[in-house]
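**Q** Attaching a single structure in structure tokens format; questions to follow.
Computed from the coordinates by the stated procedures, all read-outs in this text should not be read as laboratory data. Computed from a predicted structure; not experimentally measured. Cβ placement follows ideal geometry from the backbone for every residue including glycine, while neighbour counts extend to all protein chains displayed.
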Protein chains: 2
Amino acid sequence: MTYLRSKVFQQEPLVNNTFLKFPQSSHSPIFQDPSEAKWKRLVKTTYLDPNGVKRTWESAERVTRPADSSVDGVGIIAILDKPGGQEILLQKQYRPPLNRVVIETPAGMIDAGETIQQCAERELREETGYFGVAVKTSFIMFNDPGFCNTNFNLVHVKIDMSLPENQHPMPDLEEDEFIDSFTLPLSSLYDGLRKLEAEGYAIDARVGSIAQGIEMAKNLEFD
Amino acid sequence: MTYLRSKVFQQEPLVNNTFLKFPQSSHSPIFQDPSEAKWKRLVKTTYLDPNGVKRTWESAERVTRPADSSVDGVGIIAILDKPGGQEILLQKQYRPPLNRVVIETPAGMIDAGETIQQCAERELREETGYFGVAVKTSFIMFNDPGFCNTNFNLVHVKIDMSLPENQHPMPDLEEDEFIDSFTLPLSSLYDGLRKLEAEGYAIDARVGSIAQGIEMAKNLEFD
């Protein structure tokens, strides 16, 4: 059976996804030899607290952030205007640290010399095949401030669905990337994620928190 | 000058916060000796990709998750009903991995034998002084699935502002915790966070993504 490396599903999330079955992972919860680690490192920070007490804190870092960048990468918010309403472009991707398939937004690491906007447009094109234009960038966000320094900008990318190049989006993935793209209605994102969790998927905190924000807004009055 | 270890600010975010000046940090971006690391560790995962190719992935883990828990901890959504509308309870906390003061929700690590709901109520009480009741729990969310296995439940905690014990909330912090609590209007959370970033604070991705979700919902129609 041929394995499709990536497909863009614009209608419904897959239920019986190949990704859920593929990982044959040996998850080794052991200290990795630091001299052998290429992408991540453990860090020790020393600081004086407000009472003048010297303290230390352990954390972890990626070693891939370019010297000219203030962030590790970007997350991408791409909303597709469908006849039934707005849908958000999401991905299913196997993540070795969890040994799970995770629901995330398109995202990626920034290259040296690249702007945030260029990075978002390039990653969207590579991961989903869609050609879009970055229209808005968030403040910088930190994934897990007590644990690591990983940070990113969330970039809103506008996709013109009438363009010829967006009729049959073809991803251009790295040989070690296995990503399925799909969409969920934005107004019911929270329920959609709950359903995917029940099916065995893990939920990324950024997508999950956006969904929580939408739910919380349903009871809010705006000016 | 006496340093106040924590205060609950229910009106306005602090502008000239002591925390912004306190850190005298020596951030050492060096490999920590694994035999000396107590709280974090580097992990190497081996897996077979869908083409049968054996691959490895580096990541990091906390070593503190209790054996009886499926999550590392909780984030807490606590909404205070104010005369002017709903406000979300937030914190300013110095985070050594960033050497920055970060805007986050109340949060904390789960203890062995504790339920998600008990953890949320305890952490809220310890960090902010408020007594609340956990009313709703999200799906499990993963902070940074390509980098680490850190995960948490976002728990909505209801605070009855008419209770005597909530009139003058008094935090009960660990000796190495330095946290200022404050609130921001929920409907303009995004603008509030942008302002705080301009003042020098770092923004946690969970809070930032909730704010993005609220902004995105402003243009949505709900059933």
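**Q** Distances from B:GLU165 to the same residue in each other copy, label points 7 Å out along Cα→Cβ, in nm, shortest first?
**A** Sorted ascending, the copy-to-copy spacings read 6.0 nm.
**Q** Something else about it: Treating only the Cβ atoms of Lys and Arg (+1) and Asp and Glu (-1) as charged, compute the dipole magnitude of the range A:106-158 about its Cα centre; round to the nearest 20 debye.
**A** 240 debye
**Q** Would you tell me which residue of chain A has the beta carbon closest to the rotation axis bringing chain A onto chain B, and how many whole Å away it is?
**A** A:GLY213, 1
**Q** Determine the shielding of peptide A:192-204 by partner chains: average, over its residues, the number of Cβ atoms on other chains within 10 angstrom of each Cβ.
**A** 3
**Q** On to the next question. Would you mind checking the pairs A:LYS40/B:LYS44; B:LYS158/B:LYS218; A:LYS136/B:LYS82; A:LYS54/B:LYS40; A:LYS158/B:LYS92; A:LYS40/B:LYS54 and listing those with alpha carbons more than 22 angstrom apart?
**A** In this structure, B:LYS158/B:LYS218; A:LYS136/B:LYS82; A:LYS158/B:LYS92 lie more than 22 Å apart at Cα.
**Q** Roughly how big is the range B:105-204's charge dipole about its Cα centre, with Cβ charges of +1 (Lys, Arg) and -1 (Asp, Glu), in debye to the nearest 20?
**A** Value, rounded to 20: 580 debye.
**Q** While we're on this one: Of the peptides A:155-165, B:76-86, how do they stack up when ordered by the mean number of other Cβ atoms within 10 Å, highest first? Don't skip to the end; give the middle numbers.
**A** On the way: A:155-165: 14.6, B:76-86: 16.4.
In descending order of packing, they fall as B:76-86, A:155-165.
**Q** Using a label position 7 Å from Cα in the Cα→Cβ direction, what is the ascending list of nm distances from B:PRO83 to the same site in the other copies?
**A** Shortest to longest, the spacings are 5.2 nm.
**Q** To the nearest whole number, what is the average tally of beta carbon atoms from other chains within 10 Å of the beta carbons of peptide A:183-190?
**A** Rounded to a whole number, the mean comes out at 3.
**Q** Shortest first and in nm with one decimal, please list how far the B:ALA112 label point sits from its counterparts in the other copies (point 7 Å along Cα→Cβ).
**A** Label-point separations across copies, in nm and ascending: 4.8.
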